[in-house]
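Okay, so here's the structure we're looking at.
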Amino acid sequence: MPDKSPPSFNRGLFLLRPSVLAAGIALVVTVATGIFAEHQNRLVHHQSARAQVSEQLGLVRAKLEGNITSNIQLVRGLVSVIGTQPDMDQAQFSRIAAGIVGKHSQLRNIAGAPDLVISLMYPFKGNEKAIGLDYRQNEKQRDTALQAIYSRELVLAGPVNLLQGGQGFIGRFPVFIDGAGGESRLWGLVSAVVDVERLYEESGLLSPDLPISIAIVGDSSTGKDGEVFFGSETILDADPVVSQVSLPNGSWKIAAIPDAGWAETPPNTWQIRLLILTGGLLVILPISIAGHLYDQRRAYIQELNRRQGEMERLSQRLELALSTSKIGIWELNLDTSELTWDRRMRELYGVPESTDQVSMESWLSALHPDDRIKVKEEFDQAISTDGLYNSEFRLLTREGNIRWIRASGAVNQKLSGERYIVGVNWDVSADIELKTHLLAAKQNAELRNSELEQARALMERNSLHDSLTGLPNRRFLDEQLLGGRAGKTVTALLHIDLDRFKQINDTMGHAAGDAMLSHAASVLTSSVRTGDFVARIGGDEFVIATTTEVGEEQLASLANRVVVKMREPVAYEGHECRFGVSIGIAMADPKEPDCGRRLLVDADIALYRAKSNGRNRFEFFTSSLKAEIIRNKSIADDILNGLERAEFIPYFQPQFDARTLDIVGVEALARWQHPSEGVLAPDAFLKIADELNVVPLIDRAILEQTLWQSTRWKAAGISIPKMSVNVSSGRLYDADLIESLNGLTFDPGTLSFELLESIFLDSNNETIVANIAELKARGIDIEIDDFGTGFASIISLIQVKPARLKIDRQLISPIVDTDGQRNLVASIIDIGQSLGIGVIAEGVETMDHAAILRDLGCDTLQGYALARPMTSDHLMDFVRAQSWRKVA
């Protein structure tokens, strides 16, 4: 039914709804924004509160950890003294302990127990009862004492109630001294008591100004598994900020919350809500006004569209009138056969205006002979059915030209009952000509498109196949097979690399190389099964991909077959060329679909292993191989990061005059101060560093730090006559080695470069000879390291003239028990002395070694019997203490 509502009422509803909708959406968005903002405000407030607590807790934890560490280090100093003076009496003990116990520490008393019986005590007054206590007989203290002995580490226990009153932490330090045979033996225990109240007070735990409540968990250094010994257990259930206090044999868990607890509501809640409300009003009001204005504009546009439609209809009528002015109109009375043409019709057919009457015969005679029958049948069909008449035909003008005519008409009947057909004719010669041209152009375009498609298909094939071997290439492998477009699933991948191909290509030319690649392609193609896939993915790299189920034995058989065939000689222009292959094999995991691209990486890893194991073989990818690659990759990344963070540092092992035992030098040994694994020796990183080609960078870092440390030694009044630094063969081959030393400051004759004996096999290399000569000119001595393990000749020694040679530890170790080995070492010493070359013996493990080497005439000694590698700080303490002389 028609709408009976007043027009103004409907229009009001129509205009109101969009604005209301917009305002509603704005309200919803504002409310959602407010809720989100309040949530974020609470979250930021909570995070800020936790950050403040964390900052306060960090200060307390640092003080607590620092105080405990300083107390332990003080006692460790006493333990070190006892290690060098095991026969210390009570007076000596009290004199040393008096410098430890006092206001500068929280230590309450220190006791020494030689042979696990307390006989040394400071302060003695008030602790007399402890004298004579046997840890082996005391059940309360026996377990912790034995724990310290067996672990050889400090054991920190407590807090415990003390007999003197109060509480304390007890640290038990095992003391081991060197025995007569060089082995270490137990001297006893040193026990130190840390006063709990002083420790807490000086660490800030008891400060009245502390804004947080703290609880500490982990009595006796048990960490989070211990009990709460400071603060309330309720703190642990209040979502505290947690940190860890690191101890020598464990840790404490320290937790904190604000004194008043966590505030749920931020103080600025109502300010935020008022701001959101104001912002919401500022958003909703403009949107409501804009919505109203939009609705008005929409109504105006609808009215404009209606008027535009009316204008279009008028334009169409006008266009039709203009078009029909060029169309000839005709009419045929079907009852009287009277035919009427207007002026335009006469012009189309070339009938003069003077002709009074036209007939059907004159019309048909004007048509092209080939079209007359068709046109007559169409016309008669329309009349007989009282239907529409539509036709297109040619007519011949009086000048003999052809004109295309399109005719249209319809049968009608007058009120008087007369039937007639009225229609129009118009010239469509231009349309037909255009249509003909377009059809020809279309056919030509289709022909060109066909040629382009063929060219594209050829280009696509060429882009997916290798032009030399005709095999699919890397793009085909990536996109079609591994990308899954070929509709096949890869079950295994064999990555194949030709061995010795580069030598053939370089010596016999690229044509020979191409012939070898074609031969390899034919071998691979003939070796695979139907359905398998062979591709050339690089210069001398191929891939075999299996797309059906295959086992490890079948893959091994296929790889072995390829290896055997590739070994066979290939004839080329009268020459027999031989090359081999290395193959890496990776099998797909049935549980992991779409793993094609990963297979190529795994096969490449296996190929690398096959090459490193000797080439001309195949290797399967395994999980252990992957783990090794990942491990090496991790170490490589850590090495590069370590170079950036200066984690490679020198450890110094002193070298001693064999006769006077004076320190005559140190050897700087590279160590890696790994952030998580501690100090690592070169055998943990040198191989991978060499593969990364960063050994020269490590050498450079050790050299610079060694020279810097030497300035510290001089400033401290410590004399180290000579510093030896290892130099890799890579740096010696570097033409820029000498230039890289510019800017380094050292006294001539105080710095030596240790070179491996194997380097001197290449002493004819011009770069090596020039670098060695320039090093000597700059006052840097040359030393031969690990002498006796390589093939350096006497001639090499004469030519290079090193300052010193170092006999390898493998030759030094057996001289105590083997006369023949002792005579061999004596011969090396004699050779060095006869050539004016100083001789160093490394690997001096016992004083018996030192005595024999001294008697054989060796100049310098280096080994664990006298000193181990140590940091620069420890070296300075070591030189000041002169402890090696007591050992000697």
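The values are calculated or read from the model by the stated rules, or taken from the named source; none is laboratory data. Note that the structure is a prediction, hence the values are computed from the model and not measured. Cβ placement follows ideal geometry from the backbone for every residue including glycine, while neighbour counts extend to all protein chains displayed. What goes into the accessible areas is simple: the full protein's heavy atoms, side chains included, and nothing from ligands, DNA or RNA. Shrake-Rupley method; radii C 1.70, N 1.55, O 1.52, S 1.80 Å.
Data for the structure
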| read-out | value |
| --- | --- |
| Label-point gap, in nm, between Ser557 and Leu293 - each point 7 angstrom along Cα→Cβ | 8.4 |
| Separation of the Thr397 and Thr525 label points, Cα + 7 Å toward Cβ, nm | 6.7 |
| Cα gyration tensor category, rounded, prolate or oblate, for the stretch 650-794 with a/c compared to 1.5 | rounded |
| Cα centroid of the stretch 552-611 to Cα centroid of the stretch 436-459, whole Å | 45 |
| Percent carbon-and-sulfur accessible area, the chain, ignoring ligands, DNA and RNA, probe 1.4 Å | 54 |
| Global form of the stretch 397-462, assessed from the alpha-carbon gyration tensor, a/c cut-off 1.5 | oblate |
| Separation between Cα centres of the stretch 829-869 and the stretch 329-393, rounded to whole Å | 132 |
| Sequence-distant aspartates and glutamates (8 or more away, or on other chains) whose Cα lies within less than 17 Å of Lys63 | Glu55, Asp195, Glu197, Glu201, Glu202, Asp209 |
| Cα-based helix-to-principal-axis angle, 552-567 vs the chain, degrees rounded to 10 | 90 |
| The stretch 133-193: GluC sites (Glu not before Pro) in DSSP coil with no more than 16 other Cβ atoms inside 10 Å | Glu153, Glu183 |
| Backbone N under 19 Å from the Gln244 label point (7 Å along Cα→Cβ), restricted to the stretch 45-63 | 54-55, 57-63 |
| Added length on full extension, which subtracts the Cα-Cα distance from 0.36 nm per residue, Arg419 to Asp855 | 142.1 nm |
| Computed lengthening from Gln503 to Gln147, 0.36 nm per intervening residue step minus Cα-Cα distance | 121.6 nm |
| The chain, accessible area per residue, ligands and nucleic acids excluded (1.4 Å, Å²) | 55 |
| Pairwise FRET efficiency - Asn742 versus Ile630, Cβ, R0 = 45 Å, nearest 0.05 | 0.65 |
| Unit Cα scatterers, Debye sum, the chain: log10 I(q)/I(0) for q = 0.05 Å⁻¹ | -0.68 |
| Residues with amide H under 5 Å from that of Glu667, placed H, sequence gap 5 or more | Gln653, Gln655, Ser724 |
| Prolate/oblate/rounded call for the stretch 493-645, Cα gyration tensor, a/c under 1.5 rounded | oblate |
| Computed E for Ile831/Thr660 - FRET, C-beta separation, R0 30 angstrom, nearest 0.05 | 0.80 |
| Nearest 10 degrees, 0 to 90: helix 847-856 Cα axis against the chain principal axis | 80 |
| Of all DSSP beta bridges in the chain, antiparallel share, percent nearest 5 | 80 |
| Among Ala586, Asn505, Gln381 the positive-end extreme of the charge dipole of the chain (Cβ point charges) | Gln381 |
| Alpha-carbon centroids, the stretch 288-314 and the stretch 150-186: separation in whole Å | 96 |
| R0 of 25 Å, Cβ-Cβ distance Thr436-Glu331: FRET efficiency to nearest 0.05 | 0.20 |
| Dipole axis of the chain (+1 Lys, Arg; -1 Asp, Glu on Cβ), positive-most option in Ser408, His575, Ala62 | Ala62 |
| In nm, spacing of pseudo-spin labels at Glu201 and Thr84 (7 Å Cα→C-beta vector) | 3.6 |
| Directionally averaged shadow of the stretch 793-888, computed from the convex hull of its alpha-carbon atoms, nm² | 6.9 |
| Enclosed volume per residue, in Å³, of the convex hull spanned by Cα atoms of the stretch 771-837 | 87 |
| The stretch 43-109: equivalent-ellipsoid semi-axes (sqrt of 5 x gyration tensor eigenvalues, Cα, Å) | 42, 11, 5 |
| Principal-axis tilt of helix 139-151 within the chain, Cα atoms, nearest 10 degrees | 70 |
| Sparse-neighbourhood loop sites, GluC sites (Glu not before Pro) in the stretch 504-605 - DSSP loop, at most 16 other Cβ within 10 angstrom | Glu549, Glu573 |
